[in-house]
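Written out below as structure tokens is the structure these notes cover.
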Amino acid sequence: MGDKINARNLMAAAGVPVAPGTTDPAADLDAAVAAATEIGYPVMVKAAAGGGGMGMGVATDEAALRIEYDKVRAFAERMFGDGSVLIERYFPRVRHVEVQILGLADGRVVALGERECSVQRRNQKLVEESPSPAVSPELRERFLAAAVRAGEAVGYRNAGTVECLLVPRQRNLADDSSGSGSGSGSGSGSEEFFFLEMNTRLQVEHPVTEYVYGVDLVEEQLRVASGLAPTFDPDALAPRGHAIELRINAEDPKRFLPGPGAIKTWNEPTGEGVRVDSGYVAGNTVTPFYDSLMAKLIVSGSDRAEAVERARAAVAAFEIAGPKCNLPFHAELLENEEFLSGDYDTGIVPRMR
């Protein structure tokens, strides 16, 4: 599942919706141009072995494709040791929604709800919440069923995530005159979703699922690896309340450029429904050699409104001095009307800037 082209083909064969795209690597520029012409612009140029939001470019026409193809291929060869390139339909306005799955020791695959991950900078997540404010009960049923099929198709065991793009059909047609609603969608209804990739590991944002479903995913994956049954009843999973995770990074809150340095002050917030997962204290130094993530601030509440209120208070109480920090961005986001409405997409951060 680490190869995006192989993963797409496996998912399509299993009946999981995939966006229009190539089933083989675009071997050269001519092949990429031919594929893009068939798929229809705009297209996403992706490194087949890429991940973490790296190795991607958008082309709105052939001239842009010729530039992006060479850039992505060179980057992929340098970073991943594999220059294979995938051409896929690009959707200008989408939401990034993922489903947490757990492949049990007895062979069953269960889904523990979805997470909304559309608050991103440079295709990398900054905020996640569960449940997604965009997902209706009917859509959730389709999401979870597709994720289970994805896990079953590869005999998956342990914790993993099936990531998808959610395309609001009406919004997409209004914003994209080239007709990006075409292709293998998820069926009837006002929205369609497509398989994006599968992360065959526990993800940074797993705590929001743990709060909403009352399941310790770290414990459960260790039980699976030990051949033990889960601590919960897979047939009685149900979400309760709402949880939001804010990634606290050592970076400029406006341009999101890394800002490492020595930590002079580090005071974490506390209170009901507040959890901080961190690896730093005052006196430590955030170096430029690793990821800029310093802490995960997770808040939960009986509903989304309560979770947002607790997030505001926790961000205000979190004191970090020394390295640059994106806490001011989170404070701004938690007052943003688009975010508060729940009707936002992956373009929300650029629109805030």
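Since every read-out is calculated from the coordinates, none of them should be taken as a lab result. Computed from a prediction, not measured in an experiment: that's the story for all the values here. When we count neighbours, we look across all protein chains shown, and the Cβ atoms used for this are built from the backbone with ideal geometry, even at glycine.
The relative contact order of segment 20-89 comes to 44 percent, based on Cα pairs under 8 Å that sit 6 or more residues apart. In whole angstrom, note down how far apart the Cα centers of segment 250-320 and segment 120-159 are. Each part reduced to its Cα centre gives a spacing of 25 Å.
Ignoring aspartates and glutamates fewer than eight residues from Lys296 along the same chain, the ones with Cα atoms less than 13 angstrom from its Cα are Glu128, Glu129, Glu205, Glu245, Glu268, Asp277. Grouping the Cα pair distances of segment 242-352 into 5 Å bins from zero gives a pair-distance distribution of 2, 12, 22, 23, 19, 13, 7, 2, 0 percent in increasing distance order.
Take Val281, project a point 7 Å from its Cα along the Cβ direction, then tell me which residues of segment 303-321 have their backbone nitrogen under 20 Å from it. Hits in segment 303-321 for Val281 at 20 Å: 318-321.
When the charge dipole of segment 20-89 is built from unit charges on Cβ atoms (+1 for Lys and Arg, -1 for Asp and Glu) and taken about the Cα centre, the candidate among Gly51, Thr22, Val72 whose Cα reaches farthest toward its positive end is Gly51.
What chymotrypsin sites (Phe, Trp or Tyr not before Pro) does segment 284-334 have in DSSP loop regions with at most 16 other beta carbons within 10 Å? Counting only loop positions with at most 16 other Cβ atoms within 10 Å, the chymotrypsin sites (Phe, Trp or Tyr not before Pro) in segment 284-334 are Phe289, Tyr290. Of the trypsin sites (Lys or Arg not before Pro) in segment 223-279, the ones in a loop by DSSP (not H, G, I, E or B) with at most 16 other beta carbons within 10 Å are Arg240, Lys254, Arg255, Lys264.
All other residues whose Cβ lies under 14 angstrom from that of Gly51 are scored, Lys and Arg at +1 and Asp and Glu at -1, for a net of -1. Here the relative contact order of segment 242-352, from alpha carbon pairs under 8 Å that lie six or more residues apart, stands at 36 percent.
Normalised by the number of residues in the chain, the mean separation of alpha-carbon contacts (under 8 Å, six or more apart) gives a relative contact order of 16 percent. Here is the tail figure for segment 20-89: Cα pairs spaced more than 17 Å apart come to 28 percent of all pairs. Counting only GluC sites (Glu not before Pro) that DSSP places in a loop and that have at most 15 other Cβ atoms within 10 Å, the longest clean stretch of the chain runs over 1-271. Legend: P(r) of the chain from all alpha carbon pair distances, 20 Å bins from 0, whole percents, reading 29, 59, 12.
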